[in-house]
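A.B. asks: Just dropping this structure here.
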Amino acid sequence: MNRGLTARIDAVSPTVSVRLRLLQKRLRNDVTLALIKHLVREGDGAVDVGAHRGTYTLALSSRVGRGGHVWSIEPFPPNAAAVARVAQRRSNITVCPVAASDRSGQGSIHVPVYQGRTLGALSSVGYADVRNSADVANDDVVVELQTIDQLLSSRGGQRPITFLRCDVVGHEGAVLAGSIHTLTVWRPALFVEIEQRHQRAPITETFDYLAGLGYTGYFVSGRDLRPLTEFDLDRDQLSLVPATFVPYDMPEGYVHYFLFLPSERPPPVLPGVSRRARLRADPRSDPRHVGSRPASVPPGPSSLPLAGRPATG
């Protein structure tokens, strides 16, 4: 299904569009869906940060069932409205039309406009990367900011949170810093999109922050889960980034999906994914392993804005 057809269906019925997107991802053996199947159970609590049109929110809703709950966070107003329509007949979804960050208040999201087309999927509170392209501009939209911890506390998030998906285009460090209570108390699995091209500070700061909280990292390479210790920023990201703005898929071999699990948990073995990640790296021998529970809470990545200041990083 091409993007033009998807957009036309989306304009008529966001719910039908999301179901078609979900079917397409299942047919393609989408890694995110495979991880949701193995890491999320009926009755769980899950958080979808940067829900876009709600595809993974819908998948999580089906997975946790009536006894579970999904908090779907999407700040870009057209996307948040679409997610709300998807959630209309699902009592286990709470739609949160805010931007997750490391503070509460007011802020702006940067929304790229490429060749006259608004790219809501790339909207972000963080660094607006237009890759020196004359074809790209940014619209700024004022939104409400809220931390994950405050959001869950104020919107009925009393159940254990077992899975958190995060796709916020460069603002993931702030999102995770604002989730400190959730991460230390509930110890959810984290599936995070992290790309150096979307931020100025080294992405290793986010890796180190989570390691300090007792998480072991893995990255998705094709259909394989590999230990984070094998990730090479130049080889796996920077050498594959084109000089101009990329609105959609990156080149083959580009790594941007990362899984973080409490260090006491082994990585899942997924259909079509080799066992090499488990065989090559015992989490207890991983140099990033610091124990199953953090001795103290580490500071957030230095790229994060100070509390009370606008998120401009």
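The values are calculated or read from the model by the stated rules, or taken from the named source; none is laboratory data. Remember, predicted model here, so these are calculated numbers, not experimental data. For neighbour counting, all protein chains shown are included, and Cβ atoms are generated from backbone atoms with ideal geometry for every residue, glycine included.
A.B. asks: For the stretch 38-69, how many residues meet the condition of being in a loop (DSSP other than H, G, I, E, B), under 27 Å from Leu119 (Cβ atoms) and in contact with a Leu (Cβ under 9 Å, 6 or more places away or on another chain)?
C.D. replies: The number of residues fulfilling the criteria is 0.
A.B. asks: Report the residue count in the stretch 94-108 for those that are β-branched (Val, Ile, Thr) and touching an Asp or Glu at 6+ places or on another chain (Cβ under 7 Å).
C.D. replies: The number of residues fulfilling the criteria is 1.
A.B. asks: Condition check: on the phi < 0 side of the Ramachandran plot, in contact with a helix residue (DSSP H, G or I) (Cβ under 8 Å, 6 or more places away or on another chain), part of a strand (DSSP E or B) and of a type in the set (Ser, Thr, Tyr). Does Ser72 satisfy that?
C.D. replies: yes
A.B. asks: Checking Gln150 against (1) more than 17 Å from Asp44 (Cα to Cα); (2) outside any helix (DSSP H, G or I); (3) of a type outside the set (Val, Ile, Thr): exactly one of these is not met. Which one?
C.D. replies: (2)
A.B. asks: Sort out which residues of the stretch 196-242 are part of a loop (DSSP other than H, G, I, E, B), at pLDDT 95 or above and surrounded by 18 or more Cβ atoms within 10 Å (Cβ to Cβ), and write them in order of number.
C.D. replies: Ile203, Leu213, Gly214, Phe231, Gln237
A.B. asks: Can you go through Arg8, Arg26, Arg53, Arg3 and tell me which one is touching a Phe, Trp or Tyr at 6+ places or on another chain (Cβ under 8 Å) and either crowded, with 22+ Cβ neighbours inside 10 Å or modelled with pLDDT under 95 (or both)?
C.D. replies: Arg3
A.B. asks: Taking the stretch 23-38 on its own, how many of its residues are within 15 Å of the chain's Cα centre (by Cα) and more than 21 Å from Val255 (Cα to Cα)?
C.D. replies: 0
A.B. asks: Against the definition (of a type in the set (S, T, N, Q), part of a helix (DSSP H, G or I) and either within 19 Å of Gln146 (Cα to Cα) or in contact with a Pro (Cβ under 8 Å, 6 or more places away or on another chain) (or both)), how does Asn29 come out, yes or no?
C.D. replies: When the stated conditions are applied, Asn29 does not pass them.
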